[in-house]
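Here the structure comes first, spelled out in structure tokens, and everything after it is commentary.
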Amino acid sequence: MSTPESMPVASNEVRTRVENRIGYIELNRPQALNALSLPMIRAMQAALDGWRRDPQVLAVVARSLHPRAFCAGGDVRFFYEAGRRGNVAARDAFFTEEYALDHAIFTYAKPYIALMEGVVMGGGMGISQGAHRTGGLRIVCETTKMAMPETRIGLFPDVGAGWFLARTPGAIGRYLAVTGATIGAADALYAGLADAYLDTSAIESLIEALGSQPFSDTRDVLACVERFASHAAPPVEAGAAGRSAALPLAVARTWIDRHFAQPDVAAILASLEAETEAGAREWAQETVRVMRERSPLSMAVSLEVVARAEGPMSDCLRRDLDLTRSIFDHGDVIEGVRARIIDKDDRPAWRIARIEDVTRAEVEHMFVSAWTPDTHPLRHLLG
């Protein structure tokens, strides 16, 4: 018989429940590809807070109730409208609570297992990548489409993603941050942005096993998951999942390291444009084309986000919050969202039109905090 603590807590957008000593966070906003709203963020935070010291909860599983997307990001329309209205308090509240949730997952004392089925972008990375630090697992599938595509809308890779991107092999994190490239399961495993692979056809069997097998401790839960998951993705036929399948990160790694280790975005662009090696030239030209469509200022900021991510996650998230203020006040995000998502004319008028014209002073200015250390909304985060 269910106790009051284990009764499901349901809402329109996220459901939380405890079954067989496992806490489930189930995203249920399919019309928006599970983009995180403030009520969703608060429901997830409340569940994690409630389960943190509950001895009857051994682990947490985060998943989508719909196969198309685990989570496509934050609620872009919400913070776009808040920005247009000049409602700084509403915008700050959204990002402050989102980043506090990301930190709660990153530092959670119980294994957090993220089933990263379908689209996993932006805020979806924030609520999944931290699983790696909890003793849990980031599980990708054959349908996984992972990215931090923020430079396309004039934003930057936030939600603490810079911390993880900075710890990928070679210059891969710099490449993903600047270009916003989408990667699949094999690339995510190669880059260290996933821990295990599970075919989507096995997800329901895993959920059934988690609901029926006896667990005495967290090791039992993880052993159950490991019986279903693999540490390698199966090979994908070229063209089956887009360009990432045709040219895996492992293949492009030499070129990525050569060009994206350059000190700034202008130098990266010049290096790519000078590429003459057979095979690499076509890839470089396509990368240049992508970069020419992105916000020059956002790309420069994004590169700096990765470069500054050597410290603890708490510092990264505080810096991310600082940047949200700057990017709305002095950057391209309002125009980027307008052009890409609202009006969909795909013709953003970036504040700095050319990559070559972004100065170091412009980039440094974006990192100036609106708060003192004693007044920062995320001052209490540690680790």
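The values are calculated or read from the model by the stated rules, or taken from the named source; none is laboratory data. Fair warning: this is a prediction, and the values are worked out from it, not measured in the lab. Backbone-built Cβ (ideal geometry, glycine too); neighbour counts: all protein chains shown.
Annotation note: Cβ proximity below 7 Å between a residue of the range 175-195 that is in a loop (DSSP other than H, G, I, E, B) and a residue that is surrounded by fewer than 24 Cβ atoms within 10 Å (Cβ to Cβ) and β-branched (V, I, T) (sequence gap 6+ or interchain) occurs for G184/V236; G192/T168; L193/T168.
Give the residue, chosen from E356, E362, that is over 23 Å from A166 (Cα atoms), out of contact with any Asp or Glu (no Cβ under 6 Å at 6 or more places or on another chain), in contact (Cβ under 8 Å) with a residue 12 or more places away in the chain and part of a helix (DSSP H, G or I). Before you say what the answer is, go through the steps one by one.
Values: E362 fails: over 23 Å from A166 (Cα atoms).
The match here is E356.
Going residue by residue through the range 71-80, is there one that turns out to be modelled with pLDDT under 95, surrounded by fewer than 24 Cβ atoms within 10 Å (Cβ to Cβ) and not in a helix (DSSP H, G or I)? There is at least one residue in the range 71-80 that is modelled with pLDDT under 95, surrounded by fewer than 24 Cβ atoms within 10 Å (Cβ to Cβ) and not in a helix (DSSP H, G or I).
Of the residues in the range 23-48, how many are in a helix (DSSP H, G or I) and not β-branched (V, I, T)? Result for the range 23-48: 13.
So, of the residues in the range 36-57 that are among the polar types (S, T, N, Q) and farther than 16 Å from G73 by Cα, which turns out to be surrounded by the most Cβ atoms within 10 Å (Cβ to Cβ)? If you could, list the steps in order and put the result at the bottom.
Pass one, the range 36-57, residues among the polar types (S, T, N, Q): 37, 45, 56.
Right, trim to farther than 16 Å from G73 by Cα and you get 45, 56.
On the way: Q45: 16, Q56: 13.
In this case the residue turns out to be Q45.
The set of residues from the range 143-186 being under 12 Å from V120 (Cβ atoms) and out of contact with any Cys (no Cβ under 7 Å at 6 or more places or on another chain) comprises T143, T144, K145, M146, A147, M148, P149, V159, A161, T182, I183, G184.
A quick yes/no check of all residues on (1) in a helix (DSSP H, G or I); (2) free of Cβ contacts under 8 Å to residues at least 24 places away in the same chain; (3) among the aromatic types (F, W, Y):
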position: R325; (1), (2), (3): yes, no, no
position: D329; (1), (2), (3): yes, yes, no
position: E335; (1), (2), (3): yes, no, no
position: D346; (1), (2), (3): no, yes, no
position: P373; (1), (2), (3): no, yes, no
position: L378; (1), (2), (3): no, no, no
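So which residues in the range 207-230 are in a helix (DSSP H, G or I) and of a type in the set (A, V, I, L, M)?
Going residue by residue through the range 207-230, those that are in a helix (DSSP H, G or I) are 207-212, 218-228.
Across the range 207-230, the qualifying residues are I207, A209, L210, V221, L222, A223, V225.
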